[in-house]
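Inspection log for the structure reproduced underneath, given as structure tokens.
Since every read-out is calculated from the coordinates, none of them should be taken as a lab result. Since the structure is predicted, the reported quantities are computational estimates derived from the model, not experimental observations. Please note: Cβ atoms are built from the backbone with ideal geometry, for glycine as well, and neighbour counts cover all protein chains shown.
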Amino acid sequence: MILTRIEASGFRNLEGFSEFGAGLNIFYGDNAQGKTNWLEAIYVLGNTKSFRTSQVRECISFGANECLLRGETLRGTVEKQLQVLVAESSKELYVNGKREAVIRYIGNLDVFVFSLEEMSVIRGEPKERRRFIDRGVVSQTPAFLNTLSRYNQVIKQKNRLLAEASKSNSPERFYNQVEAWNEQLIDLGAAIHDGRRDYVERLNLVLDENDHGRAIFGAERINLRYKSQLEGKGDIDRYSELFRERLALRLRTEVAAGHSLLGPHRDDLEILADNREVARYGSAGQQRSALLLLDLAQVSIYTSTYEESPVLLIDDIDAELDRGRIEALLSEIEGQAQTFVSTSRRAIADRYKDRASVYWVDRGRAIVDSGSGKGNIEPSESERSREHTRSAGDELEQEILSDG
Amino acid sequence: MLDYAEPVTKLIDELKRLPGVGHKSAQRLAFYILRADRAETERLVEAINEVKEKIISCSVCNNITDVDPCRYCSNPARDRRIILVVEEPYNLVTIEKTREYKGLYHVLHGALSPIRGIGPDELKIKNLFERLRVEEVEEIILATNPNTEGEATANYLSKLLKPLGMRVTRIAMGVPVGSDLEYADEVTMHKALANRHEI
């Protein structure tokens with residue numbers, strides 16, 4: 001699928017429209033001119049959410065009441081017109097001028113973003129990694145979101161109950177109730193554990209194929225290991241039996257602790273480069289390439305599932321990636337998927353101008369580059385450290401994916 | 001100064017206490033009442049007073065009723081060997097509408113929810129066990145809602161009931177009729193598969 005055109009009004013600082021090529025499209029320009037805003041507009045048009053904020057209404061530009069994005073997509077020979085209208089408390093979606101429910105709208109333009117905010121998957125808390133896997137599982141099995149949401153509800157209820165029990169003079173009065181909640185926890189927890197483990201296995205298969213990492217970046221071999229909290233406590237392949245056994249064994253401990261100690265909300269994902277934990281031993285550049293390899297693996301799973309390429313966004317491509325790795329990444333993607341890249345370096349735009357459509361972004365306008373001389377612009381400190389909110393997800397999904 | 005004269009403000013404030021009624025709806029309802037015939041408003045007042053005076057909870061099954069025991073509990077045609085447990089009186093009405101079920105009921109008036117401060121003592125569980133002591137019950141059907149709270153309640157009750165020796169069943173769960181398999185989650189699908197039957 002490709003996006004041939006997008007038009008924005010009332011969306012951050014964007015002005016006018018842009019028409020795109022089927023391959024590589026590069027936005028470059030000074031800081032705070034709107035490069036990332038164009039990527040964000042494409043993301044919102046496809047996914048109806050933003051990757052920079054959990055509240056898409058924050059995209060409405062100052063002084064406007066609503067923002068409107070209109071785009072044209074092409075899949076094979078099928079053209080479609082998509083439209084997203086965001087107001088303070090509403091979001092309307094249209095396909096070919098007809099209003100659609102979100103479930104019918106999604107899937108017309110699937111957009112994946114590779115951005116620096118995602119580095120928290122490598123460097124951040126385990127919950128960031130669980131969210132990363134969960135997003136992947138949800139993209140394969142949308143109903144997984146429902147399972148996660150029910151699991152989180154049960155954990156919340158159980159935590160409240162355990163807190164109450166721990167303060168009580170006769171905590172054993174609560175055992176029956178805790179067990180009643182545990183029954184559901186076992187079913188839901190096993191579905192989550194198994195779903196995540198299967199997905200991680202699929203990612204590993206892709207990463208192993210042709211030794212993906214080495215082939216692209218000439219360096220590390222990346223693979224993953226889903227690290228269940230119950231590992232080493234018994235037969236992990238029969239998760240629900242093991243989970244039941246452990247919950248029974250630790251009932252008293254949980255009651256004494258006053259909160260849930262067991263379950264997949266305590267699991268983690270190990271990301272290994274040449275069998276060493278990349279978060280601990282990898283350089284910044286290695287960490288960013290590891291993340292890109294994971295992202296590419298997710299895209300590859302998407303492509304093989306749906307037999308179609310999604311649209312890719314790479315925000316701030318030069319951040320933490322050297323010239324060689326940028327070249328390797330773009331060559332890997334070339335010809336596979338329509339890709340939008342933002343950079344503040346003129347040199348990158350220049351280097352690819354024969355293979356890409358290049359847009360100079362100035363005060364919100366994307367101007368097709370005619371090769372006029374702009375200086376070599378380095379990203380400033382403020383641009384690097386600009387504050388971003390968490391990536392992806394509308395409010396509900398945000399809450400669900402972030403676990404209890 | 002108040003936006004409206006005191007009696008109107010009072011009425012709006014009282015209406016706002018009702019579930020699902022916000023400020024705007026309360027205002028609209030208040031003005032409707034203000035303009036309505038005296039006879040109409042009196043009927044409303046009377047209806048409210050009547051439910052408060054005449055409706056009581058059945059001393060056997062806790063269903064809302066105007067006679068005690070309620071019409072289900074006192075009906076000799078109903079099968080006294082089966083008790084179906086529901087959360088709310090309106091759940092009972094839904095089941096009754098099917099005309100398939102001929103046994104007795106028990107209304108819990110809620111479901112376990114530690115977050116909302118509802119434990120077993122807040123539910124009408126005690127008099128269920130009193131009934132079991134007096135009556136010859138062969139089966140208990142747990143028909144609490146298929147959400148997390150209803151499930152926990154059913155699990156809790158079954159833990160207590162099973163040792164008493166009667167048959168304890170849970171209503172079947174799975175894909176809803178008239179829906180699409182695409183929208184069923186793994187756990188629902190898992191339940192639907194586990195409860196599958198020959199056709």
Given the protein assembly as shown, what percent of its DSSP beta bridges are antiparallel, to the nearest 5?
60 percent
Just counting partner chain Cβ atoms within 10 Å, what average do the residues of peptide B:106-119 show around their Cβ?
3
Residue pairs, from the table B:Lys126/B:Lys162; B:Lys124/B:Lys162; A:Lys127/A:Lys227; B:Lys24/B:Lys52; B:Lys16/B:Lys52, whose Cα atoms sit over 22 Å apart
B:Lys24/B:Lys52
Nearest-0.05 FRET efficiency for B:Arg80 and B:Leu160, computed from C-beta distance (R0 30 Å):
0.90
Loop-located GluC sites (Glu not before Pro) in the range B:18-127, at most 13 other Cβ atoms within 10 Å (DSSP)
B:Glu100
For A:Asp318, residues with placed amide H under 5 Å, excluding near neighbours:
A:Ser344
Please work out how much length the chain gains when fully extended from A:Arg173 to A:Glu307, using 0.36 nm per residue of separation minus the C-alpha to C-alpha distance, in nm with one decimal.
42.7 nm
If R₀ is 41 angstrom, what is the calculated FRET efficiency for the pair B:Arg71 and A:Thr141, using the beta carbon separation as r and rounding to 0.05?
0.30
Simple SL model, points at 7 angstrom along Cα→Cβ for A:Ser283 and B:Ile115; separation in nm is 4.7 nm
Using a cut-off of 27 Å between alpha-carbon atoms, which lysines can reach A:Lys98, once sequence neighbours fewer than 8 places away in the same chain are excluded?
A:Lys49, A:Lys80
If r is the Cβ-Cβ distance from A:Asp194 to B:Glu139 and R0 is 35 Å, what FRET efficiency results, to the nearest 0.05?
0.55
With the contact rule set at Cα under 8 Å and sequence spacing of 6 or more, what percent relative contact order holds for the range B:64-194?
22 percent
Nearest-ten-degree value, helix B:23-35 long axis tilted from longest Cα axis of chain B:
60 degrees
Ellipsoid semi-axes in whole angstrom, largest first, where each is sqrt(5λ) of the Cα gyration tensor of the range B:6-54:
19, 15, 9
So for the range B:64-194: antiparallel DSSP bridges make up what percent, rounded to the nearest 5?
5 percent
Using the Karplus equation 6.51 cos²θ - 1.76 cosθ + 1.60 (θ = phi - 60°), what ³J(HN,Hα) coupling, rounded to whole Hz, does each residue of the range A:347-353 give in order, writing x for Gly and Pro?
4, 5, 4, 5, 4, 9, 5
From the phi angles alone, apply the Karplus equation (6.51, -1.76, 1.60; θ = phi - 60°) to the range A:257-266 and give each ³J(HN,Hα) in whole Hz, x where the residue is Gly or Pro.
6, x, 7, 5, 10, 10, x, x, 6, 10
Geometric extent, Cα atoms of the range A:123-305 - Rg, Dmax (angstrom):
18.7, 63
Interchain or sequence-distant (5+) residues whose placed amide H lies within less than 5 Å of the amide H of A:Val358 are A:Ile26, A:Asp369
With a cut-off of at most 13 other beta carbons within 10 Å, and DSSP calling the residue loop, which chymotrypsin sites (Phe, Trp or Tyr not before Pro) in the range A:1-92 qualify? Please list them.
A:Phe62
Residue-span extension gain [B:Tyr32 to B:Thr169] - 0.36 nm each, minus C-alpha spacing:
44.5 nm
Over chain A, what is the mean sequence separation of C-alpha contacts under 8 Å (at least six apart), divided by residue count, expressed as relative contact order in percent?
29 percent
Taking only DSSP H segments of four or more residues, each worth -39500 (n - 2.57), what value at 222 nm results for chain A once the sum is divided by all its residues, to the nearest 500 deg cm²/dmol?
-13000 deg cm²/dmol
Nearest 10 degrees is fine. How inclined is helix A:323-333 to the longest principal axis of chain A, computing both from alpha carbons?
80 degrees
Over its alpha-carbon atoms, the protein assembly as shown yields an Rg and a Dmax in Å of 29.9, 96
Which order do the peptides A:137-147, B:25-35 come out in when sorted by mean C-beta neighbours inside 10 angstrom, highest first?
A:137-147, B:25-35
Inverting the mean 1/r over all pairs of different Cα atoms, compute the Kirkwood radius of the range A:289-346 and quote it in Å.
12.0 Å
Take peptide A:176-185, look around each residue's Cβ out to 10 angstrom, count Cβ atoms belonging to other protein chains, and average those counts.
6
